[in-house]
1. Each residue of region A:17-27 in turn: what ³J(HN,Hα) in whole Hz from Karplus with 6.51, -1.76, 1.60 and θ = phi - 60°, glycine and Pro shown as x?
2. Determine the sum of side-chain charges near B:Ala23: Lys and Arg each +1, Asp and Glu each -1, restricted to other residues whose C-beta is under 13 angstrom from that of B:Ala23.
3. Which distances, shortest first and in nm, link B:Asp92 to the matching position in the other copies, using label points set 7 Å out along Cα to C-beta?
4. Two decimals is fine: what's Rg over Rh for region A:7-86, C-alpha atoms, Kirkwood radius as Rh?
5. Mind running the shape call on region B:1-54? Use the C-alpha gyration tensor, a ≥ b ≥ c as the square roots of the eigenvalues: rounded below 1.5 for a/c, prolate if a/b tops b/c, oblate otherwise.
6. Which whole-Hz couplings ³J(HN,Hα) result when phi for each residue of region A:195-206 is put into the Karplus expression 6.51 cos²θ - 1.76 cosθ + 1.60, θ = phi - 60°, listed in order with x for Gly and Pro?
7. Spin-label point model (7 Å from Cα, Cβ direction): what's the A:Lys5 to A:Ala52 distance in nm?
8. Let me know the Kirkwood hydrodynamic radius for region B:93-152, please, with Cα pairs as the basis and the value in Å to one decimal.
Protein chains: 2
Amino acid sequence: MASEKPILYSYFRSSCSWRVRIALALKGISYDLVPVNLIKDGGQQFSAEFKALNPMQQVPALQIDGITLSQSLAIINYLEETHPNPRLLPQDPKKRAQVRMIADHIASGIQPLQNLSVLKQMGEKKMEWAQSCIISGFQALEQILQHTAGRYCVGDEVSMADLCLVPQVANAERFKVDMRPYPIITRINKALLDLEAFKISHPSRQPDTPAELRA
Amino acid sequence: MASEKPILYSYFRSSCSWRVRIALALKGISYDLVPVNLIKDGGQQFSAEFKALNPMQQVPALQIDGITLSQSLAIINYLEETHPNPRLLPQDPKKRAQVRMIADHIASGIQPLQNLSVLKQMGEKKMEWAQSCIISGFQALEQILQHTAGRYCVGDEVSMADLCLVPQVANAERFKVDMRPYPIITRINKALLDLEAFKISHPSRQPDTPAELRA
């Protein structure tokens with residue numbers, strides 16, 4: 001099993017799937033992609049077939065080395081431990097902690113609150129709610145980056161924090177959040193989007209990207 | 001700075017604070033606790049003083065080794081790297097990935113959805129919403145544990161996954177979730193609550209626990 005190509009279950013627009021696509025691209029791991037459409041047929045992630053693969057009924061899921069993993073940061077940590085180059089965590093424990101703090105702030109503190117399942121519950125207040133979650137998250141993040149950022153979120157090397165940042169900014173843009181109050185986030189996001197790994201993993205360039213959204 | 005005692009900013013009932021209290025107890029790290037009342041005065045986490053310390057305006061936050069960390073799993077990972085004994089992550093990368101997958105499933109997939117800020121938005125549907133988030137999360141978790149659990153969530157050693165499990169089960173009980181469909185979660189939770197580190201870190205035994213809730 002270990003020698004087979006990994007299979008990534010992904011949805012072009014899922015920000016959590018994008019995090020993993022960036023990690024795979026940065027580490028030069030080739031993989032097969034199986035699209036899971038979160039909207040079509042009431043959500044293909046709810047099919048019995050997919051549930052058997054990932055009981056969490058979410059993308060991303062990665063079949064690799066004979067196991068199936070879910071949760072984007074758990075997958076990225078596994079890739080980091082099994083394919084250490086290039087590293088996505090700094091060597092210094094304090095800097096590693098800053099990277100994880102920023103990644104978790106986005107992955108636990110912002111993204112889940114503006115996720116599809118929550119938005120459905122919010123009805124008419126949907127847009128307003130998503131914006132307020134992202135705005136309060138970005139206000140905190142901008143302050144934190146004042147202390148940690150170099151060219152990227154923590155210093156000058158791309159880290160797990162950056163893999164979370166770019167997809168979250170894309171969500172902010174979809175929800176029409178005014179990005180002017182966040183100059184550091186905006187600058188880092190732009191610098192990251194210039195990198196090849198962020199380009200080829202972009203939602204506009206996936207096998208399941210609808211024609212009208214293709215780059 | 002490095003030799004000073006760490007300071008944990010904590011709220012007795014915060015499930016994320018409890019995760020960190022368990023880690024500190026397991027690793028035998030002594031610390032000072034500063035209570036932050038998330039309800040009183042409109043939420044003490046929103047004070048200018050606390051915001052300067054933690055821009056995320058959340059507990060837990062830990063001042064340690066000259067830095068201030070927030071996000072419970074980032075804090076626990078830092079403690080794991082700087083105080084490796086006893087280990088909270090298995091040595092095998094696949095088992096580590098399982099631990100992280102379960103921890104992230106709770107920390108990103110369940111807890112944030114039943115957090116105070118979301119519940120406020122849900123108005124009358126509050127209880128029903130919290131229950132449905134926990135139930136769908138626990139259904140997935142119970143299935144995953146069928147493959148990973150030994151005495152605890154992953155095998156027979158206490159791990160980061162267990163530090164997330166116990167506080168989440170306590171939340172489920174507060175929201176009156178029927179636990180009968182989750183025999184593995186229930187069994188592991190009970191075994192963990194027998195351990196000293198889980199007992200002394202319990203919400204019922206904190207300096208800020210109100211008298212009527214004390215054990």
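1. Per residue, the Karplus-derived 3J(HN,Hα) values read 5, 4, 3, 6, 4, 5, 4, 4, 5, 4, 8 Hz.
2. Values: positive: B:Arg19, B:Arg21, B:Lys27, B:Arg87; negative: B:Glu80, B:Glu81, B:Asp162.
Summing Lys/Arg as +1 and Asp/Glu as -1 gives +1.
3. Taking the point 7 Å beyond Cα along Cα→Cβ, the inter-copy spacings are 3.6 nm.
4. Numbers: Rg = 12.3 Å, Rh = 12.7 Å.
In region A:7-86, Rg relative to Rh is 0.97.
5. Numbers: a/c = 3.03, a/b = 1.47, b/c = 2.06.
In terms of gyration-tensor shape, oblate.
6. 7, 4, 5, 7, 5, 6, 8, 4, x, 7, 10, 9
7. 2.3 nm
8. Numbers: mean 1/r = 0.0794 Å⁻¹.
When all Cα pairs of region B:93-152 are included, the Kirkwood radius is 12.6 Å.
None of the figures in this text is laboratory data; all of them are computed from the coordinates on show. Predicted model, so just to flag it, every value in this text is computed and none were measured. Note: ideal-geometry Cβ built from the backbone for every residue, glycine included; neighbour counts use all protein chains shown.
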